[in-house]
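Shown next, in C-alpha cells, is the structure this report addresses.
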Amino acid sequence: MTATSLSVVLFLPLVANAAPSSCEALAKFALPDAAVTLAQSVPAGEFTAPEGFRPGPGDPTAKALAAALKELPPFCRVAATLKPTPDSDIKVEIWMPETSWNRKYEAVGNGGWAGSISYSAMAAAMLNGYATSSTDTGHAGGGGSFALGHPEKLIDFAWRSEHEMTVKAKAVIKAFYGDVPKLSYWVGCSSGGKQALKEAQTFPDDFDGIAAGAPVLNWTHRSIEALWVAQAALKDPANYIPPEKYPLIHQAAIAACDEKDGLKDGIISDPPSCRFDPGTLECKEGDSPQCLTHPQVEAARKIYAPALNTRTSEQLSPGFEPGSELGWRAIAGGPEPFSAAGDYFKYVVFHDPNWNWRTFNLDTDSALADRVDDNTVNATSPDLKRFTSHQGKLIMYHGWTDTNITPRATVNYFEKVEEQLGGPAKTAQSVRLFMVPGMNHCGGGEGPNVFNMTNAL
Ligand SMILES: [Ca+2]
C-alpha cells in the first residue's frame, strides 16, 4: 500500500457521516444489482401488512400482529428487489424509525422455507428502537418447490439473500440517518437460527451480535431425521400412534424422569440423563387407549432413538427427547412426513416432485443428500474464530421439547464450537448456549419460554 492510499484510508472515518436523506428521496437511492421499489414515510400506527402477508382472521397471530403494528412509531419504509444473479428475485424491506432510533440495526430471520417478509418480527424489533430489515429470501410461498430447476434461487435462500440484504440495509440506513448503525444484530429462530449461524460462519463481519434459536443448522440431517420418524411411525399403519395417546406417553416419561433433575415440577430439565422406555406402556393384550401395541412401542422407541447408518452406525441425527411427546403430531401425526423434509428430498435432492418418501433409503439417500448440499443450505461449520475475533457475540438457544429440530443436534454443534475456540471458558466469552427446559420449537410448551435475546446480546 502506498503512503497516498494509506492516508485516504485513514481519512475515511472523518467523512463517514453524510447528510441525512429524506425518506422519499431514498426512492432514487442507487444500489448495485438492486432497485428501490418503494420509499415512504409511514405515520405512527398506520402500517398494515400488504395483501397476502396478513394472517387470516382465524390465525392466532393476527391479533398480536395488528396490536403491534398499532404501536409502531413513525418510520421510513423502504422496499427493494435485489438481483445478485439473473435468476434472483429477492424482496427486502428496511424499516427505520424516524424519531426514536436507538442507533442500532436488527435484521430478523425467517421460518421454514421462508418465502415472505417477517413483518411481525420487524415490528418487534422496531418497537425496541431498532432499524430493522427482513427478506423473503428470494421466492414467494412457504414450500420448497421454488428450488426445482433454480439452483441460484436455492443459494439465495441458503445464504445469499441474507448477506445481500444486510449489506444493502446498512447502506440504506447510512443514507437515511447520515450515519452507520453503531451495532448490528441478527435475530432468528428455526430457519432464522440457521441463517444466524451461516452469517457467523461465512460473513463474520456482518453482525456484532447474533441470536440463533433452534437452528436448522444441518438441514440435510434434520430432513433425514423427519423421514426416519415417518418411516417408523407412518409407513406401516400398525406403527401409527394415535395423537390421543401422546399424553399417555408424556405422563409416563414425566413420571420416570421429572425428579431426576432435582425438582418435581412436571418438567424434565435434563432429558439426556433420562432413561425412559415406552415398552413399559405395552398392552398386555389387544389395544386400548391406556396402553401401546407392540408396533406402537417400536415406533415410539425410534422417535427417541438416534438415526444410525445401518452399515457404519454413523449417527445421522440424535433422537427427540423424553418430555416432547405432546408435540409429536408435527413429525409423527401424518399422513405425510414433516413437510420441510419431504420437500427437501423432492425438490433439492432428487429433482422429482413425485418422489415418494416411502422409498427413502436411510444409508444411501442420506449420503446422496450430503453430497448434494455440500454445505450450501447447511450451516454446520464450527469454526467461528473470524466472528469471535472481532468481539462478535453469539447466543444460541433451543427448547428441550422441540419436535421440529432435535435439540441435541444444537448441543453437539456447540461442543464442536467449544473445541475450536479452545474450551468452555474461552468459548463462554463469545458464544453461549441455553437449553430451555420444557420449551417447544422456538417458544411455547410447559416450561418458561419468553425472553429477549437482543437485550441479552
Ligand atoms: Ca423436573
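Just a few scattered comments:
- The stretch 271-294, residues that are part of a helix (DSSP H, G or I), open to solvent by 40 Å² or more (accessible area, probe 1.4 Å) and either of a type in the set (A, V, I, L, M, F, W, C) or more than 16 Å from the ligand (Cβ to nearest atom) (or both): THR280, HIS294
- Test for ILE155: is it open to solvent by 10 Å² or more (accessible area, probe 1.4 Å), touching a Ser or Thr at 6+ places or on another chain (Cβ under 8 Å) and part of a loop (DSSP other than H, G, I, E, B): no
- Of the set (1) surrounded by 13 or more Cβ atoms within 10 Å (Cβ to Cβ); (2) farther than 19 Å from LEU281 by Cβ, all apply to ALA252 but (2).
- Only residues that are in contact with a Leu (Cβ under 8 Å, 6 or more places away or on another chain), part of a helix (DSSP H, G or I), away from the ligand (no atom under 16 Å from the Cβ) and not basic (Lys, Arg) were counted in the stretch 232-256, giving 4.
- For GLU259, the conditions (1) within 16 Å of the ligand (Cβ to nearest atom); (2) acidic (Asp, Glu); (3) within 27 Å of the chain's Cα centre (by Cα) are fulfilled apart from (3).
- Residues of the stretch 72-98 satisfying the condition of being touching a Gly at 6+ places or on another chain (Cβ under 7 Å) and among the charged types (D, E, K, R): ASP89
- Only residues that are out of contact with any Phe, Trp or Tyr (no Cβ under 9 Å at 6 or more places or on another chain) and open to solvent by 50 Å² or more (accessible area, probe 1.4 Å) were counted in the stretch 44-53, giving 4.
- Among residues of the stretch 85-98 that are within 13 Å of TYR130 (Cβ to Cβ), those with a Cβ under 6 angstrom from a residue that is open to solvent by 10 Å² or more (accessible area, probe 1.4 Å) and in a strand (DSSP E or B), sequence gap 6+ or separate chain, pair up as TRP95/ARG77.
- Sole exception among (1) more than 16 Å from the ligand (Cβ to nearest atom); (2) touching a residue at least 12 places away in the same chain (Cβ under 8 Å) for ILE268, by number: (1)
- Considered as a group, the residues in the stretch 410-457 that are closer than 21 Å to HIS390 by Cβ, at pLDDT below 95 and open to solvent by 40 Å² or more (accessible area, probe 1.4 Å) include one that is farthest from the ligand (Cβ to nearest atom), and that residue is LEU457.
- So TRP400, is it free of Cβ contacts under 8 Å to residues at least 60 places away in the same chain and not small (Gly, Ala, Ser): no
- Test result for ASP206, acidic (Asp, Glu) and under 20 Å from GLU93 (Cβ atoms): yes
- Only one entry in ASN449, ASN375 is under 30 Å from ASP261 (Cβ atoms) and of a type outside the set (A, V, I, L, M, F, W, C), namely ASN449.
- Check on GLY323, within 14 Å of the ligand (Cβ to nearest atom) and touching a His at 6+ places or on another chain (Cβ under 8 Å): yes
The values are calculated or read from the model by the stated rules, or taken from the named source; none is laboratory data. Note that the coordinates shown come from a computational prediction; the quantities given were computed from them, not determined experimentally. Here Cβ is always computed from backbone atoms with ideal geometry, including for glycine, and neighbour counts include all displayed protein chains. Calculation scope for accessible area: heavy atoms of the full protein, side chains included, ligands and nucleic acids excluded. Shrake-Rupley method; radii C 1.70, N 1.55, O 1.52, S 1.80 Å.
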